[in-house]
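**Student:** Take this structure first; my questions come after.
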Amino acid sequence: MKKLVSLLLVLAIAVTLVACGGSKPAETQAPAAPAATEAPAATEAPAAAEAKTYNVGVAIYQYNDNFMTLYRQEIENYFKTLETDTVKYNVTMVDGKNDMGEQTNQIDTFITQGMDVIICNLVQTSSAEVIIDKVVAAGIPLVLINREPLGDNGDESYPGIINNPTVCYVGADARQSGTYQGEIVRDLPNHGDINGDGVVSYVMVVGDPENPDAQYRTEYSVKALTDAGIEVKELVKNVGNWDQTKGQEIVAAALAQYADQIEVVFCNNDAMALGAAAAIEAAGRKVGEDIYLLGVDALDECQEMVQKGTMTGTVLNDHIGQSHTAVDVAIKALNGEAIDNYYWVDYVKVTK
Ligand code: GAL
């Protein structure tokens, strides 16, 4: 029995020794080779933050427009200044070439491309509903600029805008610019009545009859005079489509027909006023002496002319304020933040 116990004891010791031999102490183990892709934590470079790129579609009614050229360039510049290491804006801008069919196709393409936000300067405000419906159905926020679709009452109540929380309009109230043009004439010592016959005889060069900027400037410039009790007479009213050459043709023809009966030339914008100035000079007339000339936009060359006296006055159409507001709102919208329906930027009277 004693022998059996001893034998069992020897066996138990032997088994224990074999078992211990199976697990060698750690320090004698060969270090495991590090996985090829696994850099040691201490030497790991900080992970570069992924930049998020937002796609922005900008549709301009027509590139060939002095004011909208300044405006669209500032949209691009301003987006660039807002970029950071982590946020980029990929801006695709397109020229509608004053053709609503072309612009509709461009908006369709923006939708197919999955733009994060669309900024649109409509070719025709009468097509606003079609464009709004498409963009809203695609779930893309829409910022309308420069050409305001008017509600039935001619006020800020366009159904497609007020009924859609992701649609807004950014612009300036064209009534204000028209009123300022009229007030500049009203405030002249002779109130625009150069020949002293008690009536201000004027020529009106209209931008584009479908555009509220043109409608309101045409109406409110004259209204500022009649509201002040000044009698007026319209000699010529003609459409120049915001274009310098057309403005020149219209005013040259008016001067040929009415000569010194014309006391004031109102142009709905500065481009047409530049054309008018050339026609006035060619006719041997002198602004500030025997005729007055008004524009809107305050293009640099027109501000210089106002300084020199070769233009009576203009009204600053703040393309910086408007483009920055449009971009700020577009960014809010693409971030899913709530936006208002209307954003307004003031005009400023420009006289010597
Ligand atoms: C007006 C501007 C014009 C022309 C037009 C285009 O606000 O005064 O010069 O750019 O917009 O819609």
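The values are calculated or read from the model by the stated rules, or taken from the named source; none is laboratory data. Small disclaimer: the values here were computed from a predicted structure and weren't measured. Methodologically, a virtual Cβ is constructed for each residue, glycine included, from the backbone with ideal geometry; neighbour enumeration extends over all protein chains shown.
**Student:** Here are N121, N55, N90, N105: which of them is within 16 Å of the ligand (Cβ to nearest atom), at pLDDT 95 or above and of a type in the set (S, T, N, Q)?
**Tutor:** The match here is N121.
**Student:** Given the options N341, N269, name the one that is more than 13 Å from the ligand (Cβ to nearest atom) and under 24 Å from N146 (Cβ atoms).
**Tutor:** N341
**Student:** For L144, state whether it is within 16 Å of the ligand (Cβ to nearest atom), under 29 Å from C302 (Cβ atoms) and touching a Cys at 6+ places or on another chain (Cβ under 6 Å).
**Tutor:** It is true that L144 is within 16 Å of the ligand (Cβ to nearest atom), under 29 Å from C302 (Cβ atoms) and touching a Cys at 6+ places or on another chain (Cβ under 6 Å).
**Student:** I need the full set of residues from region 188-216 which are touching a residue at least 60 places away in the same chain (Cβ under 8 Å) and away from the ligand (no atom under 11 Å from the Cβ), in order please.
**Tutor:** Those that are touching a residue at least 60 places away in the same chain (Cβ under 8 Å) and away from the ligand (no atom under 11 Å from the Cβ): L188, G192, D193, I194, N195, V200, S201, Y202, V203, M204, V205, V206.
**Student:** Here is a further query. Kindly check whether there is at least one residue in region 248-267 that is crowded, with 20+ Cβ neighbours inside 10 Å, over 23 Å from the mean Cα position of the chain (by Cα), within 14 Å of N66 (Cα to Cα) and of a type in the set (A, V, I, L, M).
**Tutor:** No: region 248-267 contains no residue that is crowded, with 20+ Cβ neighbours inside 10 Å, over 23 Å from the mean Cα position of the chain (by Cα), within 14 Å of N66 (Cα to Cα) and of a type in the set (A, V, I, L, M).
**Student:** Just name the residue that is farthest from the chain's Cα centre (by Cα) out of those in region 333-352 that are of a type in the set (S, T, N, Q) and farther than 11 Å from P165 by Cβ.
**Tutor:** T351
**Student:** In addition: So, in region 185-205, of the ones that are among the β-branched types (V, I, T) and surrounded by fewer than 22 Cβ atoms within 10 Å (Cβ to Cβ), which residue ends up farthest from E289 (Cα to Cα)?
**Tutor:** Quick first cut of region 185-205, residues among the β-branched types (V, I, T) only: 185, 194, 199-200, 203, 205.
With the extra rule that they be surrounded by fewer than 22 Cβ atoms within 10 Å (Cβ to Cβ), the set shrinks to 194, 199.
Values: I194: 8, V199: 17 Å.
Among those that are among the β-branched types (V, I, T) and surrounded by fewer than 22 Cβ atoms within 10 Å (Cβ to Cβ), it is V199.
**Student:** Taking T310 and the conditions (1) assigned to a helix (DSSP H, G or I); (2) surrounded by fewer than 24 Cβ atoms within 10 Å (Cβ to Cβ); (3) among the polar types (S, T, N, Q), which numbered condition does it fall short on, given that it satisfies the others?
**Tutor:** Evaluating T310 over (1) assigned to a helix (DSSP H, G or I); (2) surrounded by fewer than 24 Cβ atoms within 10 Å (Cβ to Cβ); (3) among the polar types (S, T, N, Q) leaves (1) as the failure.
**Student:** Another one. Across region 210-221, what is the number of residues that are in contact with a Ser or Thr (Cβ under 9 Å, 6 or more places away or on another chain) and either surrounded by fewer than 22 Cβ atoms within 10 Å (Cβ to Cβ) or under 15 Å from Y347 (Cβ atoms) (or both)?
**Tutor:** 7
**Student:** Among the residues of region 279-307 satisfying the criterion of being of a type in the set (V, I, T) and part of a helix (DSSP H, G or I), which is farthest from the chain's Cα centre (by Cα)? Give the derivation first.
**Tutor:** Going through region 279-307, the residues of a type in the set (V, I, T) turn out to be 280, 287, 291, 296, 306.
Within this subset, residues satisfying the condition of being part of a helix (DSSP H, G or I) are 280, 306.
Working: I280: 33, V306: 27 Å.
Result: I280.
**Student:** Also, quick follow-up: Within region 32-49, is even one residue modelled with pLDDT of 95 or more, loosely packed, with under 13 Cβ neighbours inside 10 Å and away from the ligand (no atom under 16 Å from the Cβ)?
**Tutor:** No: zero hits.
**Student:** Given the residues T166, T226, which is the only one that is in contact with a Pro (Cβ under 7 Å, 6 or more places away or on another chain) and either away from the ligand (no atom under 16 Å from the Cβ) or more than 23 Å from Q322 (Cα to Cα) (or both)?
**Tutor:** It is T166.
**Student:** Report yes if some residue within region 277-293 is of a type outside the set (G, A, S), within 16 Å of the ligand (Cβ to nearest atom) and in contact (Cβ under 8 Å) with a residue 12 or more places away in the chain; otherwise report no. Lay out the reasoning, then the answer.
**Tutor:** Here is the first cut: in region 277-293, the ones of a type outside the set (G, A, S) are 280-281, 285-287, 289-293.
So of that shortlist, the ones also within 16 Å of the ligand (Cβ to nearest atom) come out as 293.
Now restrict to residues that are in contact (Cβ under 8 Å) with a residue 12 or more places away in the chain: 293.
Yes, there is a match, as at least one residue in region 277-293 is of a type outside the set (G, A, S), within 16 Å of the ligand (Cβ to nearest atom) and in contact (Cβ under 8 Å) with a residue 12 or more places away in the chain.
**Student:** May I pose another question? Which residues, taken from region 245-264, are closer than 17 Å to T218 by Cβ and within 16 Å of the ligand (Cβ to nearest atom)?
**Tutor:** K246, G247, I250
**Student:** What is the residue count in region 65-79 for residues that are among the acidic types (D, E) and more than 9 Å from the ligand (Cβ to nearest atom)?
**Tutor:** The qualifying residues number 2.
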